[in-house]
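Below you'll find the structure, written out as structure tokens, and then a few comments.
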Amino acid sequence: MTERPIALMWFRNDLRLSDNPALLAAIKWADQNDGVVLPVFILDPVISAQLGGATKWWLEKSLSALDTSLSKLGNAQGGLRLFTGDAGPILENIADAKPIKSVFWNRLYDKPSTARDTEIKATLQDHGLTCESFKANLLFEPWEVKTGGGTDFKVYSPFWRACKKFPPPREPMKAPEGITLFEGGIENEVDLAAFDLGPKPFDWAGGFSERFTPGEQGAKDQLFDFIDERLVDYADMRDRPDHRVTSELSPHLRFGEISPYQIWHTANHFADANPGKGKTASKFISELGWREFAHHILFHATDLRSVPLQGQFRHFPWSDAPEALTRWQKGKTGYPIVDAGMRELWHTGYMHNRVRMIVGSILVKHLLIHWRDGLAWFDDTLVDACPANNAFSWQWIGGCGADAAPYFRIFNPVLQGEKFDPKGEYVRQWVPELRDMPERYIHKPWEASPLILKAAGVTLGKTYPEPLIGLKEGRERALSAYQDMKQAVA
Ligand code: FAD
């Protein structure tokens, strides 16, 4: 009996059924050719290198959810086939052993992925296969958006204005109504346990599932909950970590469990249905613009993770301070808002954007620790750690990135805390040893009198640390390091 022709759908950061153009094209191809679809995920070195502890936790759950959805859709066991190793040889082996005719995927934009995909495309085409790739993870292709002079944008506002001059992003595509799955065995296929994605060296991810439900359904629930309950306050309250106002869609976007098209259109429908609320919807959509900007910068940069976009920062006199770094990682710096953020991160795999900015600023300015150390810690502990957004944002914090906050503009964590967590509720939630501090001192316990500290059960240096460095001293040291760099490159 001749085997039916196969369309191979190669999943990567697009772990969803709806609004998935490559999957829809694979199903269409199979239907038109009396064929079947083989959905595949390969844990290859490129993907592995982009995973930290927290994203591994997420990926395991997301792959399991996708497998269940595909199996249900195709009414068959084992919807998603898993492999581990170099993607090129794995795909070639499958193509040699089975009647694969066409391979489909959605495009990625980081250099290791584009290099791998280009090579694989050429090899598979040499084997007589057709390969089709699709725009699905970004609203605008990085090579489409250019300045009037034909160069890449380095500043966000004109970038986003230019994006908005393009025709609006297409409507999201519906999930397929069915799929005829390939049902035979395949050599070297593994099960999910073989990916070994569980938290190590102990299970530190217990708090993640209190906050998130990985998978496409979790993403949709999160989006609709946000649109129904929180988008209305987004523009005014998005900087407040003491109120849950933002969408918390970032880990779902990271793994493509939801597409920016679905988010864009749902937010715009909200604006159409709620006259007078356009401002809040467009503020939210503009954050998707920052995501686009970060991905475009990643596409064009040499190595966003390690090379500062502003070359002078190669000469910055970073200090080697392993003890301070450990205290920062553990949320024991002695600055309450910073410690609250770092502990939220450890417990939930997530941190509010404003607090990411504050903890980042303390690290690279008051503590003079290299932004790459912050980036590495976030890469390992954030469930949304993403090659574009994380590297882009750390360069922004370090003053050396695209459209970055100038290095000499230094956040004061006390003033930031008092402005964005005025009653100290966020600090009380994550730093319970300060729970009984009065509002006036919650962001600066070192200014409280011994009597007040005693009444709150706080002994500085014992129950809660003294600040790692005085704020004035840290600020002056950072500014002087900045001047040293300027002189070194003058
Ligand atoms: P919302 O406010 O609801 O925004 C919606 C979406 O827009 C987000 O999910 C995200 O995809 C995008 N977005 C929002 N703000 C930004 C931004 N400043 N830059 C780029 N995209 C943005 N975001 C990540 O997705 N992954 C990271 O690894 C990451 N690392 C960061 C590191 C630092 C030091 C800083 C300052 C920011 C980082 N961000 C990162 C950006 C931002 O903090 C998160 O995207 C945001 O907090 C996610 O929460 P949300 O989904 O509720 O955002």
Legend entry - Sequence ranges 420-431, 161-172, 219-230, ranked by mean other-Cβ count within 10 angstrom, highest first: 420-431, 219-230, 161-172
Legend entry - Equivalent ellipsoid, the chain (semi-axes from 5 times Cα gyration tensor eigenvalues, Å): 43, 24, 23
Inset, instruction - Compute the semi-axes of the equivalent ellipsoid of the stretch 445-490, taking the square root of 5 times each eigenvalue of the Cα gyration tensor, and list them largest first in whole Å. - result: 37, 9, 4
Legend entry - Helix axis angle, 216-225 relative to the chain longest principal axis, alpha carbon, degrees: 50 degrees
Inset, instruction - Round to the nearest 10 and give me the degree value, 0 to 90, for the angle of helix 260-273's Cα axis relative to the longest principal axis of the chain. - result: 70 degrees
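For the residues R314, R327, what sequence is obtained by ranking on other C-beta atoms within 10 Å, fewest first?
Numbers: R314 12, R327 19.
Exposure proxy ranking, most exposed first: R314, R327.
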Inset, instruction - Quick one: Debye curve from the alpha-carbon atoms of the stretch 262-405 only, equal weights, vacuum; give me log10 I(q)/I(0) at q = 0.16, 0.18 Å⁻¹ to two decimals. - result: -0.88, -1.04
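Within 10 Å, count the other beta carbons around each residue, average over each peptide in 475-487, 254-266, and list them highest first.
Values: 475-487: 15.1, 254-266: 23.1.
Result, highest mean Cβ count within 10 Å first: 254-266, 475-487.
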Legend entry - At most 13 other Cβ within 10 Å, DSSP loop - GluC sites (Glu not before Pro), the stretch 68-146: E144
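For the chain, what relative contact order do you get, as a whole percent, if you take Cα pairs closer than 8 Å and at least 6 residues apart? Display every interim value, and only then the final one.
On the way: 782 pairs, mean separation 83.0, N = 490.
The value is 17 percent.
Among K56/K277; K135/K200; K98/K220; K56/K174; K61/K135, which pairs are too far apart, with a Cα-Cα distance over 32 Å? Show your work: numbers first, answer last.
Details: K56/K277 38 Å; K135/K200 35 Å; K98/K220 35 Å; K56/K174 28 Å; K61/K135 25 Å.
In this structure, K56/K277; K135/K200; K98/K220 lie more than 32 Å apart at Cα.
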Legend entry - the stretch 62-140-the stretch 2-51 distance, computed between alpha-carbon centres (Å): 5 Å
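Relative contact order for the stretch 311-489: what is it in percent, counting Cα pairs under 8 Å that are at least 6 residues apart?
Values: 236 pairs, mean separation 50.2, N = 179.
That works out to 28 percent.
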Legend entry - Alpha carbon convex hull of the stretch 6-136, projected area averaged over orientations, nm²: 7.6 nm²
Legend entry - Degrees, to the nearest 10: 53-74 long Cα axis against longest axis of the chain: 30 degrees
Inset, instruction - Could you run the Debye sum over the Cα atoms of the stretch 331-444, one equal point scatterer each and no solvent, and tell me log10 of I(q)/I(0) at q = 0.21 Å⁻¹, two decimals? - result: -1.14
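Computed from the coordinates by the stated procedures, all read-outs in this text should not be read as laboratory data. A quick note: this is a predicted structure, and the numbers were derived from the prediction, not measured. Because the Cβ atoms are built from the backbone with ideal geometry, glycine has one as well, and the counts that use them run over all protein chains shown.
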